[in-house]
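> To start, I am sharing the structure in question, which I have written as C-alpha cells.
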Amino acid sequence: MTRAFVHTGLPSRVVFGSGTLAGVREEVDRLGLSRVLVLSTPQQKASAHEVAELLGDACVGVYAEAVMHVPTDVAAAAAAHVRSVEADATLAVGGGSSIGLGKAIALETGLPLVAIPTTYAGSEMTPVWGLTDDSGKRTGRDPKVLPVSVVYDTNLTTSLPVEMSVTSGVNALAHAVEATYAPDGSPITDLMAGASIKALASGIPAIVADPSDAEARSDLLYGAWLAGSCLGATTMSLHHKLCHIIGGSFNLSHAWTHTAVLPHVMAFNLRPGSRGHDIVSTGFGDTDPGGALYRMLDTLGLTRSLADLGMPADGIDRVVTQAVSSPYANPRSVSDDDIRRIVTSAFAGTTPAVFRR
C-alpha cells in the first residue's frame, strides 16, 4: 500500500563531535553576530563564563538566571536585560532550562538563539517553547525560537551525573517514541526515531556501567539529537501533554517526570501491530517496550514514582481535569478513566500494565 506524507525539514545548523566547543567563536562569526549574551542556570555559571571567554569581544556578558519550566517573570526579566545590553543574539549553555529561557527571549524579541546542550533533553532541535505562571504551563510552536545553530560537544556531557544522564536520556527517548505514532510523522521521522531509540536504549545502561564511556556518551548525545529532531518535526501527544501538566502544576523535575510517566504511556499507546509498536520494539529489542523501559530503569535502580518526586495524591484529579480540557493528537482515543489509570500508575510507580479495550 502506498503511503502519503508531508515532511518539513527545519533549518537548524548542527555541529556535532568531540571538542567542537573550541570553534564556537567561528560559529558566531559565521552567523554575523557580535554582541552575544550567554545564558545558563546558576549551577552552570562556570561553563557559561568558559564560553564567554571563547567568544571574546563578541560576548556582552553572562546571564545565569535560568530556572526550570521558564516562569514568565524570569523570562520577562531576561528579555529586559537583553535589551539593556543591546545584545544581537543569545547563546544558551546547558539543558532545557537554559535553552528554554533562550527560546522565551527569542519569542519576545525575535533575536537569534545559539545552543550548546550539555544534557540529552533535545529541546535545542525544536521550535517548541514553554512558559509557566500561576495557571500552569503553556506551550506553543514558533519558528523564531528554533536555534539557528546547535553545537554538540560530547566532552561537555562526561561530567553529567549518572542519574541526570539517565533521566535526561529518557526525556529524549520520549520525543522519539511519540514521533512514531504522531499523525504528521513521515518515513524520515520513522528512521530518525528508530535510530534514536536504539542509541538511547543501549547507551543508558552503558553510562550507568561506566559514566566515562566516551562511546556511550556519544551514542546518547546522537540519540538525543535525533529525538529532538523528531519532536521538532512532529506533533506531541498524550505523554508530553501529561508531563507538561504535571511538571508545570507541581514544579517537578522535567526529566524525572518524563522518566516516571513514559513507561505507562508507552504501555497504553503502543498497541501490537501498530507502526509505533513495531519501531519502538525494534529499538528496544523487546515486544513489550513500555515494560522493557520500566524493567531497565528498575534494574539500574532508577525507577521513581510521581509520589517520590513530590506530586500530591490529590493532584491526580487536577491532572485529569486539565488533560481532558483541551484536544491533542494521540494514536488512540483517551477517556477520563484512561488518563486516571495512567497517572495513578505513574503516581504509585507500579509496573506498567498494557491497556486493552
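The values are calculated or read from the model by the stated rules, or taken from the named source; none is laboratory data. Predicted model, so just to flag it, every value in this text is computed and none were measured. Cβ: placed from backbone, ideal geometry, glycine included. Neighbour counts: every protein chain shown. For the accessible areas, the whole protein counts, side chains as well, though only heavy atoms, and no ligand, DNA or RNA atoms are used. Shrake-Rupley method; radii C 1.70, N 1.55, O 1.52, S 1.80 Å.
> When you scan the stretch 176-191, how many residues do you find that are open to solvent by 10 Å² or more (accessible area, probe 1.4 Å) and in a helix (DSSP H, G or I)?
Of the residues in that region, 4 qualify.
> Further question on the same structure: Considering only the stretch 41-55, I want to know if a residue exists there that is crowded, with 20+ Cβ neighbours inside 10 Å, farther than 30 Å from residue 161 by Cα and in contact with a helix residue (DSSP H, G or I) (Cβ under 7 Å, 6 or more places away or on another chain).
no
> Can I ask one more? Applying the selection to the stretch 120-137, what residues are assigned to a strand (DSSP E or B) and small (Gly, Ala, Ser)?
We begin by selecting, within the stretch 120-137, every residue assigned to a strand (DSSP E or B); these are 128-133, 136-137.
Listed by number, the residues that qualify are 130, 136.
> Now a separate question. Based on what the data block shows, is residue 239 touching an Asp or Glu at 6+ places or on another chain (Cβ under 6 Å), at pLDDT 95 or above, open to solvent by less than 10 Å² (accessible area, probe 1.4 Å) and not β-branched (Val, Ile, Thr)? Walk me through it before giving the result.
Working: touching an Asp or Glu at 6+ places or on another chain (Cβ under 6 Å): yes; at pLDDT 95 or above: yes; open to solvent by less than 10 Å² (accessible area, probe 1.4 Å): yes; not β-branched (Val, Ile, Thr): yes.
It is true that residue 239 is touching an Asp or Glu at 6+ places or on another chain (Cβ under 6 Å), at pLDDT 95 or above, open to solvent by less than 10 Å² (accessible area, probe 1.4 Å) and not β-branched (Val, Ile, Thr).
> Please find, within the stretch 126-157, the residue that is most open to solvent (accessible area, probe 1.4 Å) out of those that are out of contact with any strand residue (DSSP E or B) (no Cβ under 9 Å at 6 or more places or on another chain) and either within 18 Å of residue 198 (Cβ to Cβ) or at pLDDT below 90 (or both).
Checking each candidate, the answer is 134.
> If you scan the stretch 25-40, which residues turn out to be loosely packed, with under 15 Cβ neighbours inside 10 Å and of a type in the set (Gly, Ala, Ser)? Reasoning before the result, please.
So the first thing to find is which residues in the stretch 25-40 are loosely packed, with under 15 Cβ neighbours inside 10 Å, and the list is 26, 29-30, 32.
Across the stretch 25-40, the qualifying residue is only 32.
> Looking at this structure, is residue 22 open to solvent by less than 60 Å² (accessible area, probe 1.4 Å) and modelled with pLDDT of 95 or more? Give the derivation first.
Values: open to solvent by less than 60 Å² (accessible area, probe 1.4 Å): no; modelled with pLDDT of 95 or more: yes.
In short, no.
> In contact (Cβ under 8 Å) with a residue 12 or more places away in the chain, of a type in the set (A, V, I, L, M, F, W, C), open to solvent by 10 Å² or more (accessible area, probe 1.4 Å) and within 23 Å of residue 139 (Cα to Cα), is that true of residue 111? It would help to see each step written out before you state the result.
Numbers: in contact (Cβ under 8 Å) with a residue 12 or more places away in the chain: yes; of a type in the set (A, V, I, L, M, F, W, C): yes; open to solvent by 10 Å² or more (accessible area, probe 1.4 Å): yes; within 23 Å of residue 139 (Cα to Cα): yes.
Taking the combined requirement at face value, the residue satisfies it.
> While we're on this one: One residue is enough: does the stretch 61-75 have a residue meeting the conditions part of a strand (DSSP E or B), closer than 22 Å to residue 28 by Cα and open to solvent by less than 30 Å² (accessible area, probe 1.4 Å)?
Narrowing the stretch 61-75 to residues part of a strand (DSSP E or B): 61-63, 71.
So of that shortlist, the ones also closer than 22 Å to residue 28 by Cα come out as 61-63.
After this cut, where a residue has to be open to solvent by less than 30 Å² (accessible area, probe 1.4 Å) as well, the list is 61.
Yes, some residue in the stretch 61-75 is part of a strand (DSSP E or B), closer than 22 Å to residue 28 by Cα and open to solvent by less than 30 Å² (accessible area, probe 1.4 Å).
> Something else: Which number in (1) under 20 Å from residue 119 (Cα atoms); (2) surrounded by 17 or more Cβ atoms within 10 Å (Cβ to Cβ); (3) touching a helix residue (DSSP H, G or I) at 6+ places or on another chain (Cβ under 6 Å) marks the one condition that residue 253 misses?
Residue 253 satisfies all of (1) under 20 Å from residue 119 (Cα atoms); (2) surrounded by 17 or more Cβ atoms within 10 Å (Cβ to Cβ); (3) touching a helix residue (DSSP H, G or I) at 6+ places or on another chain (Cβ under 6 Å) except (3).
> Taking the stretch 195-231 as the region of interest, how many residues are over 22 Å from residue 150 (Cα atoms), in contact (Cβ under 8 Å) with a residue 40 or more places away in the chain and open to solvent by 10 Å² or more (accessible area, probe 1.4 Å)? Before you say what the answer is, go through the steps one by one.
Looking only at the stretch 195-231, we keep the residues that are over 22 Å from residue 150 (Cα atoms), and these are 198, 201-202, 204-213.
Then keep just the ones that are in contact (Cβ under 8 Å) with a residue 40 or more places away in the chain; that gives 198, 201, 204-205, 207-208, 211-212.
Still in the running and open to solvent by 10 Å² or more (accessible area, probe 1.4 Å): 198, 201, 205, 208, 211-212.
Residues meeting the conditions: 6.
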